[in-house]
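Engineer: So that we are looking at the same thing, I have put the structure below in structure tokens.
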Amino acid sequence: MHLLVAITAHGFGHAAQVAPVINSLRELLPALRVTLLSTLPESFLDERIGGEFQRIDHAPDFGLIMHSALAIDLESSAAAYADLHANWQRRVDEEARRLSALAPDLVLADVPYLTLAGAAQAGIPAVALCSLNWADIYRHYFSDRDEASQVLAHMEAAYRSVRAFLCPQPSMPMQFLDNQVPIGPIAAQGRQRREDLAQRLGLNPEQSLVLVAPGGIETRFAIENWPQGQGIHWLVSECWQVQHPDASPLEHTGLGFPDLVNSCDAVLGKCGYGTVTECVLNGTPLLYIPRPDWPEEPSLLQWLDAHGAAVELDPECLVTGEFKDIVRRAGSMTIKTPAATGASQAADYLYGLFS
């Protein structure tokens, strides 16, 4: 059986969300052939997806154009959507031809709607999986634009065309859909490797370890200006080139991201689906940077807070670097960790379509 997975090109979260589903489906179908439509680095996909896959360097959508992981370029995003939908049928025809040539038995999208429209035109069964959809995101930011009604009509029709829209907990409300199938949370479970990390980094027992993970979109905090000696050691991306005695590149730990989440005392980042669920499922507090205008945040934050893993940051902390009291408070939290049932539930649903 041949599964084609289309992954939205907006950060790493969509790939992190769909990867456990692919892995669970492979347990049911060991000979499953997997093709990915994705522009993400193959190294990241290799870390998350077990087994072989073919990656085709193609981005079926862009989600939103970003200034950083926390700031949307609204004008460029609106212009890109207007251009896409001014040539909508031509783009759907192109996508349908691409899918027909690849000849999958099933398409799974997280959550490019152009691929779903192409699959419908090509007569290929398709399923959507995501905690959000780009129609509701578009509606939130751009509903007052002249072209909005046409853009939304195309988006909504594509999402309605699928056999099911699998909505992992916690998902944003998707009131225009009548094909939703709720499933449990999806997250990668990491291994507890704190002792190995402490030894490798030369930490003393009193030091807290915080993973800095603002998301897969280029963003950098000026950690070199943060105070020393707070009893905190920061794990940061090597590409930031941070020069600070209390910081180390996370790539030098030799551990995958889920293991780091499980092994750290806290994660510093935003409320994105992958970060939220991996923190909760691994029992790690999230020091979150508020994004009050992001329409998915209320659903994510409610779930994060309900499980006792939310610590709101004053954005000024990112300038001053004063985190000692916040990290101490995070260390006293008791997190309720539910079972990560969503991946197996999604795999069971997909397996039923292959049978």
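Derivation of every value follows stated rules applied to the coordinates shown; laboratory data play no part. Quick caveat: nothing in here was measured; it's all calculated off a predicted structure. Here Cβ is always computed from backbone atoms with ideal geometry, including for glycine, and neighbour counts include all displayed protein chains.
Engineer: Subtract the Cα-Cα distance of residue 2 and residue 79 from 0.36 nm times their separation in residues, and report this length gain in nm to one decimal.
Structural biologist: On the way: separation 77, 0.36 × 77 = 27.72 nm, distance 3.54 nm.
That works out to 24.2 nm of additional length.
Engineer: Zone of residue 160 (label point 7 Å along Cα→Cβ, backbone N under 14 Å): which residues in segment 173-195?
Structural biologist: Counting backbone N atoms under 14 Å from the label point, the list is 175-180.
Engineer: For labels at residue 322 and residue 222 in the simple 7 Å Cα→Cβ model, what's the distance in nm?
Structural biologist: 1.6
Engineer: Over the Cα atoms of segment 145-205, what is the Rg over Rh ratio if Rh follows Kirkwood?
Structural biologist: Working: Rg = 21.5 Å, Rh = 15.7 Å.
Here Rg/Rh amounts to 1.37.
Engineer: Enter the angle in degrees (range 0 to 90, nearest 10) between the Cα long axis of helix 148-160 and the first principal axis of the Cα atoms of the chain, meaning the one along which they spread out most.
Structural biologist: So the helix axis and the longest Cα principal axis differ by about 90 degrees.
Engineer: Quick one: which residues, 5 or more positions from residue 233 or on another chain, have an amide H under 5 Å from its amide H? H modelled 1.01 Å from N in the peptide plane, none for Pro or chain starts.
Structural biologist: Placed amide hydrogens put 208, 209, 210 under 5 Å from residue 233.
Engineer: Size of the dipole of segment 91-132 about the Cα centre, Lys and Arg at +1 and Asp and Glu at -1 on the beta carbon, nothing else charged, in debye to 20? Please report the intermediate quantities before stating the final value.
Structural biologist: Numbers: 3 positive and 5 negative charges, 12 e Å.
Magnitude of the dipole: close to 60 debye.
Engineer: For a distance above 18 Å, tell me the whole-number percent of Cα pairs in segment 231-303 that qualify.
Structural biologist: 45
Engineer: Bins of 20 Å, beginning at zero and ending with the bin holding the largest distance: percent of Cα pairs per bin for the chain, please.
Structural biologist: Calculated P(r), rounded to whole percents: 30, 56, 14, 0.
Engineer: Just want the answer: with Cβ charges of +1 for Lys and Arg and -1 for Asp and Glu, which residue in 6, 137, 51 is farthest toward the dipole's positive end in segment 1-156?
Structural biologist: Looking along the dipole axis, the top candidate is 51.
Engineer: Turning to a different aspect of this structure: Report Rg(Cα)/(2.2 N^0.38 Å) for segment 126-278, keeping two decimals.
Structural biologist: 1.37
Engineer: Rule-of-thumb check for segment 28-107: C-alpha Rg over 2.2 N^0.38 Å?
Structural biologist: So segment 28-107 has a normalised radius of gyration of 1.37.
Engineer: Taking just the alpha-carbon atoms of segment 189-257, what radius of gyration and Dmax come out, in angstrom?
Structural biologist: Expressed in Å, the Cα Rg and Dmax of segment 189-257 come to 12.0, 33.
Engineer: Using the alpha carbon gyration tensor of segment 1-75, what are the three equivalent-ellipsoid semi-axes (square root of 5 times each eigenvalue), largest first, in whole Å?
Structural biologist: 26, 12, 10
Engineer: Take the Cα atoms of segment 95-205, build their convex hull, and give its volume per residue in Å³.
Structural biologist: Values: hull volume 20.9 nm³, N = 111.
Each residue corresponds to 188 Å³ of Cα convex hull volume.
Engineer: Between segment 20-94 and segment 180-224, what's the alpha-carbon centroid distance in Å?
Structural biologist: First find each Cα centre; the distance between them is then 24 Å.
Engineer: Mean shadow of segment 1-152, computed from the convex hull of its alpha carbons, in nm²?
Structural biologist: About 8.9 nm², averaged over all directions.
Engineer: How fast does segment 232-355 diffuse by Stokes-Einstein, in µm²/s, taking the Kirkwood radius from C-alpha pairs at 25 °C and 0.890 mPa s?
Structural biologist: The estimated diffusion coefficient comes to 153 µm²/s.
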